[in-house]
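Below is one structure; the comments refer to it alone.
The values are calculated or read from the model by the stated rules, or taken from the named source; none is laboratory data. Keep in mind that this is a model prediction, so the values were computed, not measured. Please note: Cβ atoms are built from the backbone with ideal geometry, for glycine as well, and neighbour counts cover all protein chains shown. Side chains are part of the model used for accessible areas, which takes the heavy atoms of the whole protein and leaves out ligands, DNA and RNA. Shrake-Rupley method; radii C 1.70, N 1.55, O 1.52, S 1.80 Å.
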Amino acid sequence: MSETILVIGSSGQIGTELVEELRNQFGNDKVIASDIKEPQNVQNGPFEVLDILNKEQLLKIVEKHNVKEIYLLAALLSATAEKNPEFAWELNMNSLFNVLNLAKDGIIKKIFWPSSIAVFGPTTPRENTPQYTIMEPSTVYGISKQAGERWCEYYNEKYGVDVRSIRYPGLIGYKSLPGGGTTDYAVDIFHQAIKHQKYECFLNKSTRLPMMYMADAIKATIQIMQAPSENIKIRSSYNLAGISFNPEDISSEIKKYIPSFSISYKEDFRQKIADSWPQSIDDTNSKKDWNWYPEYNLESMSADMIKNLKNIVT
Ligand code: NAD
């Protein structure tokens, strides 16, 4: 049987779009989607129900489909993790160990595991945050991502595991809804603008955060996995930058298309999480090592979101 790719957590915000693009590039039958819950949209290819914490079930699926590459996306995100810290730690860490150990045992060849800008904390320089800097995350999500990065590097150095990782900024797309992160507002604002011409934002107007359009994130994910192994010099996780903006900036952009749109602000617990994160990211290493460049800026991303969402949101 020919080798396949397994995406774990495929029904989520990133998985939905990543599976589609991987199938475009490698063929529908080459990409096995899997999630603890059934997908909402019809997907043109194999799907398996998988709880990533169940090692036996994971091994069975890997053997059944001759899986050689895994994209591990299942996780509890920043806002949800704060509500259930112990479970977040269990899911975010044990999912990673289950996959890293498959590679250590020689059963699979390559892993993609995403980290996040949440690995940084209040003591990190916030502007143009360097690849190597102070990292004292203050959220359980950030702590789990930072520990995950250390384990990825450790498995690469000790056991030669080919694991590749990106510190995603907040991701914005129209094909799927976000799953409980602090940057979710930047997706919801488009939906509410089209439906109700107004939005109440849970972050204050000047909260500038690093973000990226989903098309760029998917491009980066597949690009880092396709790069020759010797080009991947960082085995913890690469900084990745797209667009930095605050709620006021995005609201002004939306007003160009929907002049009656208005935004109001009511901070909640996510403000404190956002205040501990960088405002912009230095991704020189990604550019140098595997030729990363983003295609979308705030203007082109907003135009594309509105054009596509107008056909979807009613
Ligand atoms: P999401 O919450 O939208 O999707 C996660 C998926 O994992 C869901 O479909 C969920 O059903 C599934 N899942 C949960 N528990 C599972 C289990 N036990 N077994 C199998 N599947 C399970 O998340 P996302 O936004 O797609 O994020 C994917 C990855 O990218 C995560 O590691 C996240 O930390 C990281 N990330 C995302 C962002 C972002 O802005 N979306 C930013 C930084 C990092």
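Mind ordering 18-29, 72-83, 263-274 by average Cβ neighbours within 10 Å, highest first?
Put in order of decreasing packing, that is 72-83, 18-29, 263-274.
Antiparallel as a % of all DSSP beta bridges within region 149-277, to the nearest 5? Please list the in-between numbers first.
On the way: 3 of 12 bridges.
So the antiparallel bridges amount to about 25 percent of the total.
Run lengths n ≥ 4 of DSSP H only: what is the helix-derived mean residue ellipticity at 222 nm for the chain, with -39500 (n - 2.57) per run over all residues, to the nearest 500?
-13500 deg cm²/dmol
Considering only protein heavy atoms and a 1.4 Å probe, what is the carbon-and-sulfur percentage of the accessible area of region 151-251?
C and S atoms contribute 44 percent here.
Take each complete run of DSSP H in the chain, measure how far its Cα atoms stretch along the helix's own axis, and keep only those covering 24 Å or more with mean Kyte-Doolittle hydropathy at least -1.0; list them.
Numbers: long enough: 85-104 (28 Å, 0.12); 140-159 (27 Å, -1.23).
Going by DSSP H runs, the hits are 85-104.
Using a probe radius of 1.4 Å on heavy atoms only, what accessible surface per residue do you get for the chain? Whole Å² is fine.
43
Got the relative contact order for the chain handy, in percent, Cα pairs under 8 Å and 6 or more residues apart?
Contact order relative to length: 18 percent.
What are the lysines whose alpha-carbon lies under 25 Å from the alpha-carbon of LYS110, with same-chain residues fewer than 8 places away excluded?
Leaving aside lysines fewer than 8 places away in the same chain, those within reach of LYS110 are LYS30, LYS37, LYS55, LYS60, LYS64, LYS68, LYS145, LYS158, LYS219, LYS233, LYS287, LYS288.
Could you pull out every one of the aspartates and glutamates with an alpha carbon less than 14 Å from that of LYS266, ignoring same-chain neighbours closer than 8 positions?
Answer for LYS266, where 14 Å is the Cα cut-off: GLU200, GLU248, listed by chain and number.
Using a cut-off of 17 Å between alpha-carbon atoms, which aspartates and glutamates can reach LYS310, once sequence neighbours fewer than 8 places away in the same chain are excluded?
Answer for LYS310, where 17 Å is the Cα cut-off: ASP188, GLU253, GLU299, listed by chain and number.
What is the distance, in nm, between label points placed 7 Å from the Cα along the Cα-to-Cβ direction at ASN66 and at GLN40?
Placing both labels 7 Å beyond Cα along the Cβ direction yields 3.6 nm.
Report the paramagnetic label zone for ASN94: residues of region 151-179 whose backbone N is under 18 Å from a point 7 Å from Cα along the Cα-to-Cβ axis.
Once the point is set 7 Å along Cα→Cβ of ASN94, nothing inside region 151-179 turns out to lie under 18 Å by backbone N.
What percentage of the solvent-accessible surface of region 48-96, computed with a 1.4 Å probe over protein heavy atoms, is contributed by carbon and sulfur atoms?
Heavy-atom surface of region 48-96 belonging to carbon and sulfur, 1.4 Å probe: 50 percent.
Leaving out ligands, DNA and RNA but keeping every protein chain, what accessible area does ILE254 have, in Å² rounded to the nearest 10, with a 1.4 Å probe?
Accessible surface of ILE254 is approximately 0 Å².
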